[in-house]
Amino acid sequence: MSSSADRAGTWTGENAFRLLADDAPHPAPATAVVQVSGAMTTVAYTWEHPDDGPQAGLLALGPADGTPDAGPVVALWGDSWHQAPEARVLTGRVHEDGTVVVAYDYAEGRWRWEVALASDADALALRMDNVPLADGERHTAMTATFTRA
């Protein structure tokens, strides 16, 4: 993740939110600010809920084992709509393609919330999936795509 320094900066784009898997996605403007400090990366983002209006979140990521570019990752995540009022600790990994996927289980271990972050120098993507652990069928709740502001 230390190679993410060129991802730092302000990004603008569009967010698509849906509450249920069968709902049509609700598109709305979104922003993200990426900051890199050593091996830590933060992504502060904004998005809009179709009924509840403007929302904001923060994802702070760092290596879990001292290997900044690949391997286990730990994250602290909070979102004014998805995860409020308490922050959650998520764990996961940096995949070979550079995508970071972190998750935590909730509802007495019946569901998993996954957050995926992918980027290159010109594009940033944030996806949040709700996964029922009984069948593992992924339900994408939010996707946001960004370009440099």
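Only the coordinates and a few stated rules stand behind these numbers; no lab work does. Only a predicted model underlies this, so the values are computations on that prediction, with no experimental measurement involved. Don't worry about glycine lacking a Cβ; one is built from the backbone with ideal geometry, like all the others, and counts go over all protein chains shown.
Only Cα pairs within less than 10 Å get springs; with that Gaussian network setup on the chain, which residue of Leu133, Leu19, Leu59 has the largest fluctuation?
Leu133
Would you mind finding the longest exposed-site-free stretch of the chain, with exposed GluC sites (Glu not before Pro) meaning DSSP loop and at most 11 other Cβ atoms within 10 Å? Could the numbers behind the result be given before it?
Values: sites that count: Glu96, Glu108, Glu137.
With GluC sites (Glu not before Pro) excluded where exposed in loops, the chain gives 1-95 as its longest stretch.
Which part of the stretch 26-46 falls in the paramagnetic zone of Thr12, meaning amide N under 17 Å from the point 7 Å along Cα-to-beta-carbon?
Label zone hits: 28-34, 45-46.
Amide H to amide H, which residues 5 or more places from Thr67 or on other chains are under 5 Å from it, using H placed in the peptide plane?
Amide H to amide H, under 5 Å and 5 or more residues apart or across chains, Thr67 pairs with nothing.
How big, on average over all directions, is the shadow cast by the Cα convex hull of the stretch 42-119, in nm²?
Working: hull surface 23.8 nm².
Mean projected area of the Cα convex hull: 6.0 nm².
Could you compute the FRET efficiency for Arg110 and Asp65, with r as their C-beta to C-beta distance and R0 at 22 Å, rounded to 0.05?
For R0 = 22 Å, the calculated efficiency reads 0.15.
Identify which of the listed values of semi-axes √(5λ) of the Cα gyration tensor in Å was calculated from the structure shown: (1) 49, 17, 10; (2) 33, 17, 14; (3) 23, 20, 13.
Evaluating semi-axes √(5λ) of the Cα gyration tensor in Å on these atoms matches (3).
Would you mind computing, in nm to one decimal, how far apart the modelled labels at Arg138 and Ala84 are, each placed 7 Å from Cα along Cα→Cβ?
About 2.7 nm separates the two model spin labels.
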